[in-house]
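Below is one structure, written out as structure tokens; the observations come after it.
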């Protein structure tokens, strides 16, 4: 389905900026807002960072983009939506890689107690060191785990560089 049809089906106006955002995110690899903003400006000319944030939020609410929020890392976006896949995040360089669902059908993982919720999705982030970073550090081998390596501390979305409150 074309992006214009997808936007209309989601109840969103078709704008040059929204089309450029969808194309930029599709062509990228789990891009952050700054990279998306840069890509959109290359495609359609000057667009404010706030307009990109607003459009990303609308596209996310409309189910056209997935927002990924690894702790201590900028928010990332992707066009792979609706399949309940998960992510691998490198502790060193921040690279994000898709990994298919752990096992079975959505939500892939069942909580010990659902507290009455109807669970339809599980969001899992696997943390580690990517092959490129491991290659640069001979002390890391495939089976090693360092107890000192932890996920970065969480950063509030309101503290993202360049973000202004809506």
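The values are calculated or read from the model by the stated rules, or taken from the named source; none is laboratory data. The model shown is predicted, which means the values in this text are computed figures rather than measured ones. Here the Cβ positions follow ideal geometry from the backbone for every residue, glycine too, while neighbour counts run over all protein chains shown.
Of all positions in region 43-53, none carries a residue that is surrounded by fewer than 15 Cβ atoms within 10 Å (Cβ to Cβ), under 21 Å from residue 125 (Cα atoms) and either touching a strand residue (DSSP E or B) at 6+ places or on another chain (Cβ under 8 Å) or without any contact (Cβ under 8 Å) to a residue 12 or more places away in the chain (or both).
It is to be established whether one or more residues within region 8-21 are assigned to a helix (DSSP H, G or I), in contact with a strand residue (DSSP E or B) (Cβ under 8 Å, 6 or more places away or on another chain) and either at pLDDT 95 or above or under 17 Å from residue 123 (Cα atoms) (or both). No, region 8-21 has no match at all. Just one of the listed residues (67, 80) is in contact with a strand residue (DSSP E or B) (Cβ under 8 Å, 6 or more places away or on another chain), modelled with pLDDT of 90 or more and in a loop (DSSP other than H, G, I, E, B), namely 80.
Annotation: of all residues in region 91-108 being in a loop (DSSP other than H, G, I, E, B) and at pLDDT 70 or above, the one that is surrounded by the most Cβ atoms within 10 Å (Cβ to Cβ) is 91. Checking the stated criteria, residue 25 turns out to be under 27 Å from residue 120 (Cβ atoms), in contact (Cβ under 8 Å) with a residue 24 or more places away in the chain and either buried (at least 19 other Cβ atoms within 10 Å of the Cβ) or more than 13 Å from the chain's Cα centre (by Cα) (or both).
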